[in-house]
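Below is one structure, written out as structure tokens; comments come after it.
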Amino acid sequence: MRIILLGPPGAGKGTQAAGIVEKYNIPHISTGDIFRKNIKEGTDLGKKAKEYMDQGLLVPDELTVGLVTDRITQKDCEKGFMLDGFPRNVSQAEQLDTFLKEANIELTNVINIEVDKSILVSRAVGRRICKSCGATYHIEFNAPQNEGICNVCQGELYQRADDNEETVSKRIQVYLDETKPLADYYTKKGIISNINGEQSIDNVFKDIVAALGSEK
Ligand code: ADP
Ligand code: AMP
């Protein structure tokens with residue numbers, strides 16, 4: 001299974017990704033996570049990416065596409081993979097297609113999680129993430145049992161630097177301008193499933209599994 005998870009910031013991609021990669025036993029490739037890891041480690045890529053991420057803008061394609069194509073070439077991706085947060089514009093999608101064609105690899109599914117703009121800001125601003133295991137919570141919609149502490153590993157929860165109202169609003173606008181057109185792009189290829197992301201986390205997951213099928 002070679003899947004792309006598409007959707008606006010706060011749609012629930014990371015939340016659903018956790019269940020999908022467990023069920024289908026494939027690696028989860030999140031460009032946002034890769035950039036945040038680089039920022040934490042203070043690498044050159046992290047320093048460059050941070051300038052854009054802090055403003056809610058897309059990191060330039062030159063810094064992004066190679067990162068993903070290199071990752072897809074690794075051994076664990078032979079059994080399939082799930083891309084989360086990539087591609088983010090038509091140029092990235094075209095470059096990915098060119099790479100996959102040369103590598104003789106075909107995408108199997110694009111899961112497009114749809115959520116109205118009016119809900120997205122509160123989703124992202126209330127998001128909290130575990131510093132240790134990366135599990136995602138929401139202070140209201142998916143609260144941890146103990147405030148500020150991860151249910152899974154007892155790690156400390158933190159708020160992403162770009163999850164403030166101003167940056168989230170910018171990210172949503174960037175999504176509408178640059179990423180949303182990808183829904184048409186993949187509809188034309190006939191591999192997209194549109195999922196109602198305004199249901200409970202469990203029901204969104206059920207719809208995704210129904211779209212992907214239960215076979216690994
Ligand atoms: P994305 O990766 O698409 O930016 P996340 O998976 O991180 O989104 O979800 C954003 C926030 O919304 C998180 O705080 C998460 O707990 C919460 N969330 C995710 N799915 C739902 C849902 N179906 N209903 C309510 N809140 C949700
Ligand atoms: P995410 O974790 O997917 O919400 O992404 C957080 C931020 O990382 C985005 O606002 C962008 O600045 C950057 N980013 C993540 N993925 C990409 C991508 N495919 N192309 C460009 N920028 C990206």
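Read-outs throughout are calculated quantities, based only on the coordinates presented, and are distinct from any laboratory measurement. Keep in mind that this is a model prediction, so the values were computed, not measured. Glycine gets a Cβ as well: all are built from the backbone with ideal geometry, and neighbour counts include every protein chain shown.
V65 meets all of the listed conditions (1) within 13 Å of ligand 1 (Cβ to nearest atom); (2) buried (at least 20 other Cβ atoms within 10 Å of the Cβ) but one, namely (1). Residue count for region 39-93 satisfying the condition of being in a loop (DSSP other than H, G, I, E, B) and among the charged types (D, E, K, R): 2.
Report yes if some residue within region 42-55 is within 25 Å of C133 (Cβ to Cβ), within 16 Å of ligand 1 (Cβ to nearest atom) and polar (S, T, N, Q); otherwise report no. No: region 42-55 contains no residue that is within 25 Å of C133 (Cβ to Cβ), within 16 Å of ligand 1 (Cβ to nearest atom) and polar (S, T, N, Q). Looking across G190, G134, G213, one residue alone is at positive phi and either crowded, with 17+ Cβ neighbours inside 10 Å or aromatic (F, W, Y) (or both). It is G134.
Any residue at all in region 93-109 that's within 23 Å of S214 (Cα to Cα), touching a residue at least 24 places away in the same chain (Cβ under 8 Å) and of a type in the set (S, T, N, Q)?
Narrowing region 93-109 to residues within 23 Å of S214 (Cα to Cα): 105-109.
Checking the rest, the ones that are also touching a residue at least 24 places away in the same chain (Cβ under 8 Å) come to 105-109.
If we keep only those that are of a type in the set (S, T, N, Q) too, we end up with 108-109.
Within region 93-109, one or more residues are within 23 Å of S214 (Cα to Cα), touching a residue at least 24 places away in the same chain (Cβ under 8 Å) and of a type in the set (S, T, N, Q).
Whenever a residue of region 121-148 is without any contact (Cβ under 8 Å) to a residue 40 or more places away in the chain, its partners that are of a type in the set (V, I, T) and more than 11 Å from ligand 1 (Cβ to nearest atom), lying with C-beta atoms within less than 6 angstrom and at least six residues away or across chains, give the pairs C133/V152.
If I filter region 130-137 for residues that are under 16 Å from the mean Cα position of the chain (by Cα), within 14 Å of ligand 2 (Cβ to nearest atom), more than 17 Å from L83 (Cα to Cα) and polar (S, T, N, Q), do I get at least one hit? Yes, some residue in region 130-137 is under 16 Å from the mean Cα position of the chain (by Cα), within 14 Å of ligand 2 (Cβ to nearest atom), more than 17 Å from L83 (Cα to Cα) and polar (S, T, N, Q).
Checking E114, E166 one by one, the residue that is of a type in the set (D, E) and surrounded by 14 or more Cβ atoms within 10 Å (Cβ to Cβ) is E114 and no other. Could you go through region 195-216 and let me know if any residue there is over 26 Å from P87 (Cβ atoms) and touching a Cys at 6+ places or on another chain (Cβ under 8 Å). There is no residue in region 195-216 that is over 26 Å from P87 (Cβ atoms) and touching a Cys at 6+ places or on another chain (Cβ under 8 Å). Report yes if some residue within region 95-115 is of a type in the set (S, T, N, Q), under 26 Å from V168 (Cα atoms) and in a helix (DSSP H, G or I); otherwise report no. No; the residues of region 95-115 include none that is of a type in the set (S, T, N, Q), under 26 Å from V168 (Cα atoms) and in a helix (DSSP H, G or I).
Scanning region 5-32 for residues that are out of contact with any Asp or Glu (no Cβ under 8 Å at 6 or more places or on another chain) and either surrounded by fewer than 20 Cβ atoms within 10 Å (Cβ to Cβ) or part of a strand (DSSP E or B) (or both) yields L6, A18, G19, V21, E22, K23, Y24, N25, I26. I'd like to know if region 80-93 contains one or more residues that are more than 18 Å from the chain's Cα centre (by Cα), more than 8 Å from ligand 2 (Cβ to nearest atom) and exposed (fewer than 14 other Cβ atoms within 10 Å of the Cβ). For region 80-93, residues more than 18 Å from the chain's Cα centre (by Cα), more than 8 Å from ligand 2 (Cβ to nearest atom) and exposed (fewer than 14 other Cβ atoms within 10 Å of the Cβ): absent. In summary, N38 fulfils each of the numbered conditions (1) within 15 Å of ligand 1 (Cβ to nearest atom); (2) surrounded by 13 or more Cβ atoms within 10 Å (Cβ to Cβ) with the single exception of condition (1). Within region 166-216, the set of residues being without any contact (Cβ under 8 Å) to a residue 12 or more places away in the chain and β-branched (V, I, T) comprises just one member, T187.
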